[in-house]
Each structure stands twice: as structure tokens, then as C-alpha cells.
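Asks: Below are the C-alpha cells for one structure; questions will follow.
The values are calculated or read from the model by the stated rules, or taken from the named source; none is laboratory data. Nothing here was measured: the structure is a model prediction, and the numbers come from that model. Because the Cβ atoms are built from the backbone with ideal geometry, glycine has one as well, and the counts that use them run over all protein chains shown.
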Amino acid sequence: MDKQALILLVDDDADIRELIHYHLAQEGYGVVEAEDGSDGLKKFIKHQPQLVLMDVMMPHMDGVEACKAIRARRDGQSVAIAFLSARGEDYSQLAGFEAGADDYITKPIQPKVLISRVKALLRRTAHKSKQAYSAIEVAGLRVDPDTFTVTLDGKSLALPRKEFELLYLLATKPGSVLTREVILQEVWGDDVIVGDRTIDVHIRRIRGKIGQAFITTIKGVGYKLTP
């Protein structure tokens with residue numbers, strides 16, 4: 001199924017675009033190229049790809065801003081987005097995930113690794129699109145996956161994609177402890193390499209928006225949403 005997928009490749013380096021385009025085309029994917037974030041946003045709107053592969057550092061509009069702009073659109077909520085970057089530091093990856101990315105692939109990119117991550121992202125996107133999700137309300141907190149909105153006592157809160165997915169996961173099982181392993185698998189997937197610090201940072205940011213009382217830390221195990 002994923003071999004019919006259309007992929008938007010956004011990078012200001014023409015040589016990198018040519019190389020990645022070649023390997024994606026060899027796997028049967030359709031590829032649309034863009035040379036910067038601004039161009040990428042325009043082509044996303046025009047072509048509606050299933051996956052966006054995007055460099056971080058680019059002129060005119062960088063990858064983080066372009067990712068935020070895509071996620072701000074209704075048609076940009078379900079698309080898979082992965083950053084391509086030579087910067088592999090934790091804070092760079094956290095900034096990428098906070099902007100709404102699903103994966104962060106560091107350069108130089110090995111073709112086999114790239115194709116594996118692309119297939120995994122497309123599988124996860126297809127799986128999620130088939131699942132039936134409904135809004136959940138817990139003690140004045142409402143999490144609506146249809147509109148990607150969170151409200152607390154009627155007040156709207158802004159959560160980046162991964163924070164939203166983590167909160168929704170906890171809200172589906174109020175009172176139950178979710179281990180770090182389960183959270184990593186459900187929110188980031190088996191093929192995305194992130195550490196425990198990534199979960200902790202996301203939890204801290206969610207608490208900063210909904211308050212400290214909702215999420216309880218079970219030391220050495222994981223987290224639970226406390227009604």
C-alpha cells in the first residue's frame with residue numbers, strides 16, 4: 001500500500017534531494033521536491049503528500065517553522081513528518097518533536113535506514129487513519145483527536161502533536177499505569193529512536209499546560225492520568 005504513497009522532499013541542497021529522490025523512486029514512491037520551507041508549504045497544500053521529509057536548516061523558512069505551519073492546517077494533522085538533519089543533539093530532536101514531527105533522521109543518511117524509517121512512518125500513519133478515535137473527557141479535561149484540540153474547563157490549550165498524542169494515550173486509560181516502553185511504542189513507534197528524557201520533557205510540558213495534578217509519575221515504571 002505504501003508504495004503508492006506520495007512523499008514531499010524538502011531540502012535546500014540539490015545534491016541531497018537528488019540522492020534521496022533516487023532511492024525513494026527505486027522503492028516505487030512518488031516524490032515531489034521543494035527547495036525551502038516556504039516552497040515546501042506551498043507544495044504540501046498543492047499535492048497533499050502522505051509523508052514529508054524535511055531538512056531543518058533552510059533559507060526563507062526553516063524546517064521547524066514549516067512543520068508548525070503544516071500542523072496548523074486541518075489537512076496537516078494526519079500527515080507523517082520526519083526531519084532530516086546533521087544535528088543529532090537531544091535538544092535539536094526535542095525541538096523537532098515539539099514542532100510536530102513524527103521522526104528525526106540524522107545525516108549522513110544511509111539509504112537502507114531511510115527506506116526502513118519511511119516504511120515504518122507510512123505504516124503507522126495508515127494504521128492510525130483506520131482506527132476510530134473519540135473525544136475523551138476526564139475531570140474537566142477534554143481531548144478531541146478529531147480536531148486535535150485540548151480544553152480544560154472550557155479553555156482551549158495549545159499542544160504540539162506529540163504532546164497531544166501522549167496526553168490522549170494516557171486519557172484512554174485513566175487510572176492505569178502506562179510504562180515507558182508502552183508510551184514509546186504507541187507515541188513514537190518501534191523504529192523511532194528516542195530516550196527516556198524525551199518522554200520526561202513532554203510530560204513536564206503537558207503538566208505546565210494542564211496542571212500538575214492530572215499526571216502521576218510512577219517512579220521507575222511510567223505515568224498515569226489521575227482522574
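Asks: Any residue at all in segment 50-58 that's within 20 Å of the chain's Cα centre (by Cα) and surrounded by fewer than 17 Cβ atoms within 10 Å (Cβ to Cβ)?
Replies: Yes, segment 50-58 has at least one match.
Asks: Another one. Looking at segment 175-194, is at least one residue modelled with pLDDT of 90 or more, among the hydroxyl-bearing types (Ser, Thr, Tyr) and either more than 15 Å from Ala95 (Cα to Cα) or not in a strand (DSSP E or B) (or both)?
Replies: Among the residues of segment 175-194, at least one is modelled with pLDDT of 90 or more, among the hydroxyl-bearing types (Ser, Thr, Tyr) and either more than 15 Å from Ala95 (Cα to Cα) or not in a strand (DSSP E or B) (or both), which makes the answer yes.
Asks: Search segment 1-39 for residues being farther than 16 Å from His60 by Cβ and of a type in the set (Asp, Glu), and hand back the single one that is surrounded by the most Cβ atoms within 10 Å (Cβ to Cβ).
Replies: So, considering only residues that are farther than 16 Å from His60 by Cβ and of a type in the set (Asp, Glu), the one surrounded by the most Cβ atoms within 10 Å (Cβ to Cβ) is Asp2.
Asks: Do you know which residues across segment 98-125 are hydrophobic (A, V, I, L, M, F, W, C) and farther than 23 Å from Asp13 by Cβ?
Replies: Of everything in segment 98-125, those that are hydrophobic (A, V, I, L, M, F, W, C) and farther than 23 Å from Asp13 by Cβ turn out to be Ala120, Leu122.
Asks: Of all residues being in a strand (DSSP E or B) and in contact (Cβ under 8 Å) with a residue 60 or more places away in the chain in segment 1-51, which is nearest to Glu65 (Cα to Cα)? Just the residue, please.
Replies: The extreme case among them is Leu51.
Asks: Related question: Quickly run through segment 52-82 and pick out the residues that are in a helix (DSSP H, G or I) and either outside the structural domain of Ala99 (by TED's automatic domain parsing) or aliphatic (A, V, I, L, M) (or both).
Replies: Val64, Ala66, Ala69, Ile70
Asks: Looking only at segment 91-150, filter to residues that are β-branched (Val, Ile, Thr) and part of a loop (DSSP other than H, G, I, E, B); which one of those is modelled with the lowest pLDDT?
Replies: Thr147
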